[in-house]
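Peer 1: One structure, as structure tokens, below. Some questions next.
Every number here is computed from the coordinates shown, using simple stated rules; none is lab data. All figures in this text were calculated on a predicted structure; none of them were measured in a lab. Methodologically, a virtual Cβ is constructed for each residue, glycine included, from the backbone with ideal geometry; neighbour enumeration extends over all protein chains shown.
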Amino acid sequence: ASRPALAARLAPLLAAGRQTLTLYIAHILIGMGVLEEMGWLDSGELARVPAAAALYCSAAVAFAWLWSKRFRHGPLEWLMRRVCDRPAP
């Protein structure tokens, strides 16, 4: 709060931090699924790992930041709140 310029630059990371469940599930289903389909998981070529990680991280942060412009919570965070915040019968 004491450094507004820095806070504005870190806003995309803050959005990603608020959507960790969504991004984790996306990492497993989308990220690993794409790598599996491309044959990168079985190739044994470690040189591709940093590029794949950088691509996923960049896409995840961009998605979270854009999503946070319209919605307060990530899609799975919203679903978890909806399910877990119900009053007990």
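Peer 1: Applying 1/(1 + (r/R0)^6) with R0 = 41 Å to the Cβ-Cβ distance of LEU79 and LEU46, what FRET efficiency is obtained, to the nearest 0.05? Intermediate results must be reported in sequence, preceding the final value.
Peer 2: Values: r = 36 Å, r/R0 = 0.87.
So, using R0 = 41 Å, E works out to roughly 0.70.
Peer 1: Once label points are set 7 Å from the Cα along Cα→Cβ at both LEU66 and GLU37, what is their separation, rounded to one decimal in nm?
Peer 2: About 1.8 nm, to one decimal.
Peer 1: Report, in cubic angstrom per residue, the convex hull volume of the C-alpha atoms of the chain. Please list the in-between numbers first.
Peer 2: Numbers: hull volume 12.2 nm³, N = 89.
Per-residue hull volume (Cα only) is 137 Å³.
Peer 1: Let me ask something else. Based on DSSP H runs of at least 4 residues, each adding -39500 (n - 2.57), what is the mean residue ellipticity at 222 nm of the chain after dividing by all its residues, to the nearest 500 deg cm²/dmol?
Peer 2: Working: 6 runs with 65 residues, N = 89.
Roughly -22000 deg cm²/dmol at 222 nm, from the helical runs in the chain.
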